[in-house]
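The values are calculated or read from the model by the stated rules, or taken from the named source; none is laboratory data. Please read all numbers here as calculations on a predicted model, not as lab measurements. Note that each Cβ is placed from the backbone with ideal geometry, even for glycine, and that neighbours are counted across all protein chains shown.
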Amino acid sequence: MNYKHLQYFWVAAKAGGVMRAAEQLHVTAQTLSEQIKLLEDRLGRKLFKRVGRRLELTEDGRLVLGYAEEIFGLGRELETVLRQGGAARSLEFRVGVADSVPKSMAYRLLEPALAVPEPVRLIAEEGRFEELVARLAVHRLDLVIADEPLRRTMSIKAFNHSLGSTPMSFYAAPGPLLSSARRAGFPACLDGAPMLLPGAASPNRGRLEAWLSRHGLRPLVVAEFDDGALMKAFGREGRGIFAAPSVLDADTVGQYGVRPLGTTEEIVEEFFAISAERRITHPCVAAITATARGLLVA
């Protein structure tokens with residue numbers, strides 16, 4: 001493979017188009033296109049596709065971009081190590097965090113990875129669960145942190161490691177909503193009250209709805225959110241009651257200024273570490289799983 005061709009592709013993908021990449025590389029757009037075409041011919045795959053007037057990466061293009069990021073990232077690291085007099089190379093730990101996992105929870109689970117004895121370079125990315133486990137399957141990630149296990153129907157060779165679970169608590173902002181809820185008591189206060197729910201794709205959505213139904217509670221659903229932080233921001237402004245993991249109670253109260261209404265152990269949020277190996281050998285993964293046992297309910 002001609003790595004100059006790979007570099008041209010990498011710059012074009014990062015720049016979002018051939019024209020901008022050509023300006024950065026100080027070559028003509030025609031020359032750049034020709035070099036990328038040579039790379040495509042060498043690989044036997046189309047790396048870009050035209051959508052209207054824009055160029056977008058194909059599935060193969062996204063795969064090649066991932067490898068290119070690592071290749072040129074290692075080059076930059078090599079230069080840094082040499083400038084620092086040959087310092088020891090850090091252990092690279094690539095982890096994907098499902099976008100449905102609360103940010104505070106993700107931090108608590110990942111932070112122990114930086115406390116292992118050897119130097120660690122943590123590379124964390126957030127995304128949809130399915131996309132992250134696909135990257136895990138081709139060894140682009142060392143681990144995926146999620147609030148749902150890998151299902152057998154996904155036909156991906158990977159293994160679930162349970163990190164534990166936490167009950168769920170309900171919160172409301174100080175004001176009329178909180179006052180009326182406390183007078184009614186929990187969980188009766190949820191009946192007819194404005195409520196903010198996670199989006200339909202969230203693993204917690206079905207659990208919440210089933211629990212409400214079992215208790216004969218019919219809240220007024222005013223909004224649904226794929227982004228948990230946005231849901232809490234609406235809750236902070238008094239737009240409705242929302243549920244969040246009880247283990248993050250101090251963070252939720254401190255960050256959003258809300259107050260707890262009550263907790264139920266009938267709804268639990270589970271967290272999983274998903275790896276490509278059945279046996280945990282990576283020191284960062286071992287540190288994460290060991291710490292999670294003290295944080296979450298086994």
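Name the residues in region 89-112 that are over 25 Å from Gly254 (Cα atoms) and surrounded by 18 or more Cβ atoms within 10 Å (Cβ to Cβ), would you?
Scanning region 89-112 gives Phe93, Arg94, Val95, Gly96.
Pro187: in contact (Cβ under 8 Å) with a residue 12 or more places away in the chain and surrounded by fewer than 14 Cβ atoms within 10 Å (Cβ to Cβ), yes or no?
no
Looking at region 192-213, I want the residues that are in contact (Cβ under 8 Å) with a residue 40 or more places away in the chain and more than 15 Å from Val268 (Cβ to Cβ) and have a partner that is among the acidic types (Asp, Glu) and part of a loop (DSSP other than H, G, I, E, B) with Cβ atoms under 8 Å, at least 6 apart or on another chain. Which pairs are those?
What qualifies is Ala201/Asp226.
Please pick out the residue among Phe242, Phe234, Phe271, Phe225 that is at negative phi and touching an Asp or Glu at 6+ places or on another chain (Cβ under 7 Å).
Phe271
When the residues of region 10-19 are narrowed to those that are closer than 13 Å to Thr31 by Cβ and crowded, with 17+ Cβ neighbours inside 10 Å, which ends up farthest from the chain's Cα centre (by Cα)?
Per the criteria, the residue is Val18.
Please go through region 12-28 and pick out each residue that is more than 13 Å from Arg62 (Cα to Cα) and either aliphatic (A, V, I, L, M) or in contact (Cβ under 8 Å) with a residue 60 or more places away in the chain (or both).
Listed by number, the residues that qualify are Ala15, Val18, Met19, Ala21, Ala22, Leu25, Val27.
If you go through region 101-122 one residue at a time, how many are assigned to a loop (DSSP other than H, G, I, E, B) and more than 18 Å from the chain's Cα centre (by Cα)?
Residues flagged as assigned to a loop (DSSP other than H, G, I, E, B) and more than 18 Å from the chain's Cα centre (by Cα) within region 101-122 amount to 4.
Does Arg207 qualify as being over 21 Å from Ala98 (Cα atoms), of a type in the set (Lys, Arg), surrounded by fewer than 19 Cβ atoms within 10 Å (Cβ to Cβ) and not assigned by TED's automatic domain parsing to the domain that holds His139?
When the stated conditions are applied, Arg207 does not pass them.
Any residue in region 58-75 that's assigned by TED's automatic domain parsing to the domain that holds Gly17 and within 14 Å of Met1 (Cα to Cα): show its pairings with residues that are small (Gly, Ala, Ser) and part of a helix (DSSP H, G or I) at Cβ separation under 9 Å, as long as the two are six or more apart or on different chains.
Filtered contacts from region 58-75: Val64/Ala13; Ala68/Ala13.
What number of residues in region 32-50 are over 31 Å from the mean Cα position of the chain (by Cα) and surrounded by fewer than 13 Cβ atoms within 10 Å (Cβ to Cβ)?
Final tally of qualifying residues: 3.
Within region 1-50, track down each residue that is in contact with a Ser or Thr (Cβ under 8 Å, 6 or more places away or on another chain) and either assigned to a helix (DSSP H, G or I) or not assigned by TED's automatic domain parsing to the domain that holds Arg62 (or both).
Val18, Ala22
Has region 123-131 got any residue that is without any contact (Cβ under 8 Å) to a residue 40 or more places away in the chain, buried (at least 17 other Cβ atoms within 10 Å of the Cβ), under 14 Å from the mean Cα position of the chain (by Cα) and assigned to a helix (DSSP H, G or I)?
Scanning region 123-131 turns up at least one residue that is without any contact (Cβ under 8 Å) to a residue 40 or more places away in the chain, buried (at least 17 other Cβ atoms within 10 Å of the Cβ), under 14 Å from the mean Cα position of the chain (by Cα) and assigned to a helix (DSSP H, G or I).
State all residues of region 135-148 that are buried (at least 20 other Cβ atoms within 10 Å of the Cβ) and not acidic (Asp, Glu); if no residue qualifies, say none.
Matches in region 135-148: Leu136, Leu141, Leu143, Val144, Ile145, Ala146.
Cβ-Cβ under 9 Å, sequence separation 6+ or interchain: first residue in region 166-181 and at positive phi, partner of a type in the set (Gly, Ala, Ser) and assigned to a loop (DSSP other than H, G, I, E, B). Which pairs?
Final answer for the pair search is Gly175/Gly238.
Restricting to region 1-20, name every residue that is under 23 Å from Leu74 (Cβ atoms), at pLDDT 85 or above and of a type outside the set (S, T, N, Q).
Those that are under 23 Å from Leu74 (Cβ atoms), at pLDDT 85 or above and of a type outside the set (S, T, N, Q): Tyr3, Lys4, His5, Leu6, Tyr8, Phe9, Trp10, Val11, Ala12, Ala13.
Which of the numbered conditions does Arg151 fail, given that it passes all the others? Conditions: (1) at pLDDT 90 or above; (2) of a type outside the set (Val, Ile, Thr); (3) surrounded by fewer than 20 Cβ atoms within 10 Å (Cβ to Cβ).
In the conditions (1) at pLDDT 90 or above; (2) of a type outside the set (Val, Ile, Thr); (3) surrounded by fewer than 20 Cβ atoms within 10 Å (Cβ to Cβ), Arg151 misses (1) alone.
Kindly provide the set of residues from region 252-265 that are at pLDDT 95 or above and among the charged types (D, E, K, R), ordered by number.
Within region 252-265, Arg259 is the sole residue that qualifies.
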